Amino acid sequence: MKADWPKHIAIIMDGNGRWAQERGFPRILGHREGARNVKHITTVCTELGIEILSLYAFSAENWTRPSREINLLMKLIKIYAVRERPLFMSHNTQVKVIGDIEKLPKDVRDALQKTVEMTKHNTGLILQLALSYGGRDEIVRAARDLASKAKNGEIEPEEISEDLFSQTLDTAGRNDPDLLIRTSGELRISNYLLWQTAYSEFYFTEKYWPDFKETELLEALDAYAKRKRRFGGVEFHSTSTTK
Ligand code: IPE
Ligand code: IPE
Ligand code: MG
């Protein structure tokens, strides 16, 4: 992996519906094509040696969609979780799920949990799937968790630090995204990883998710490599001397 490439890439995979509608297909065909692209981009990330790939697959707010679309999406998620198990194993991929997964239908949740369990000792790419995920919801669940620990006397309120808070989120133990990509031309975060993207670099592309292929990913990585990340500090040049 190139030194100036991101270790953790997060993607808001948007535009499946429009991809299909522009071709005169039902929206679900766009989701099917989107799922196919998940496999492609995951494979590319594995080959590039990316450490974490986070994918926004279904948001907390997506539950407001028509039930027909939700049901078909849930079916697709289950099929994906089961069908790709051999690939996850052969690519040494660790699958993780973030979000309020209690809201998922039981059969979908069970299939995902089995995949997570099966891949937990793999040491390659971490594939972090956001399902029934909302950034605010994740923060509220963490706050509730810490509040009940404080009430039980397990922690003192003063012990609640940024670090402890991070460790209470669904993403505990995993680094924050270096690069956040959103496809389909929308310029918003739509409640994804609100806490974790505090210092991520953002990259937006007009391409719909099913059309975001290896070439487009490499363009995003090149753009990232040209960014100067300062984290609120001043740029440091190893060759310059500070007086
Ligand atoms: C993203 O595609 C996938 C999900 C949100 C599940 P959309 O379904 O949002 O596609 P558009 O934005 O309507 O084109
Ligand atoms: C964000 O896309 C969620 C996912 C990609 C899963 P949406 O299509 O739901 O976002 P909005 O509604 O355009 O903000
Ligand atoms: Mg959308």
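The values are calculated or read from the model by the stated rules, or taken from the named source; none is laboratory data. Every value quoted in this text rests on a predicted model; they were computed, and no experiment measured them. Cβ coordinates were reconstructed from backbone atoms using ideal geometry, including for glycine residues, and neighbour counts include every protein chain displayed. In case anyone asks, the SASA skips ligands and DNA or RNA and just uses the protein heavy atoms, side chains included. Shrake-Rupley method; radii C 1.70, N 1.55, O 1.52, S 1.80 Å.
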Report summary line: Considering segment 203-221, residues that are open to solvent by less than 70 Å² (accessible area, probe 1.4 Å), free of Cβ contacts under 8 Å to residues at least 40 places away in the same chain and away from ligand 3 (no atom under 16 Å from the Cβ), and then whichever is nearest to G99 (Cα to Cα), we arrive at Y203
Requested in this report: Residue by residue through segment 194-214, note down the ones that are out of contact with any strand residue (DSSP E or B) (no Cβ under 6 Å at 6 or more places or on another chain) and in a loop (DSSP other than H, G, I, E, B).
Outcome: L194, W195, Q196, A198, Y199, T205, E206, K207, Y208, F212, K213
Query raised in the report: Do you know which residues across segment 172-204 are under 25 Å from W19 (Cα atoms), more than 14 Å from ligand 2 (Cβ to nearest atom) and over 13 Å from the mean Cα position of the chain (by Cα)?
Result: F202, Y203
Query raised in the report: Assuming G17 fulfils every condition listed in (1) closer than 21 Å to K75 by Cα; (2) away from ligand 2 (no atom under 14 Å from the Cβ) apart from one, which condition is it?
Result: (2)
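Among the residues of segment 167-182, is there at least one that is in a helix (DSSP H, G or I), among the aliphatic types (A, V, I, L, M) and free of Cβ contacts under 8 Å to residues at least 60 places away in the same chain? Show your work before the answer.
Initially, segment 167-182 is screened for residues in a helix (DSSP H, G or I), giving 167-168.
Applying the additional criterion that residues be among the aliphatic types (A, V, I, L, M) yields none.
No, there is no match, as no residue in segment 167-182 is in a helix (DSSP H, G or I), among the aliphatic types (A, V, I, L, M) and free of Cβ contacts under 8 Å to residues at least 60 places away in the same chain.
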Report task. Can you work out which of the residues in segment 170-195 that are among the hydrophobic types (A, V, I, L, M, F, W, C) and under 12 Å from S54 (Cα atoms) is farthest from ligand 3 (Cβ to nearest atom)? Result -> L179
Query raised in the report: All but one of (1) in contact (Cβ under 8 Å) with a residue 24 or more places away in the chain; (2) surrounded by 13 or more Cβ atoms within 10 Å (Cβ to Cβ) hold for K149; which doesn't?
Result: (1)
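Taking the criterion of being among the aliphatic types (A, V, I, L, M) and open to solvent by 50 Å² or more (accessible area, probe 1.4 Å), would at least one residue in segment 109-124 satisfy it?
Scanning segment 109-124, I find at least one residue that is among the aliphatic types (A, V, I, L, M) and open to solvent by 50 Å² or more (accessible area, probe 1.4 Å), so the answer is yes.
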Query raised in the report: Taking segment 60-77 as the region of interest, how many residues are under 15 Å from A130 (Cα atoms) and near ligand 2 (Cβ under 9 Å from one of its atoms)?
Result: 2
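Could you list all residues from segment 16-50 that are more than 16 Å from the chain's Cα centre (by Cα) and of a type in the set (G, A, S)?
The answer is G17, A20, G24, G30, G49.
Looking only at helices (runs of 4 or more DSSP H) that fall completely inside segment 1-98, which ones have 3 or more residues that are open to solvent by less than 50 Å² (accessible area, probe 1.4 Å) and within 16 Å of ligand 1 (Cβ to nearest atom)?
16-21, 27-48, 67-83
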**Report entry** Residues of segment 89-119 satisfying the condition of being within 17 Å of A130 (Cα to Cα), hydrophobic (A, V, I, L, M, F, W, C) and in contact (Cβ under 8 Å) with a residue 24 or more places away in the chain
**Finding:** V95, V97, I98, I101, L104, V108, A111, L112
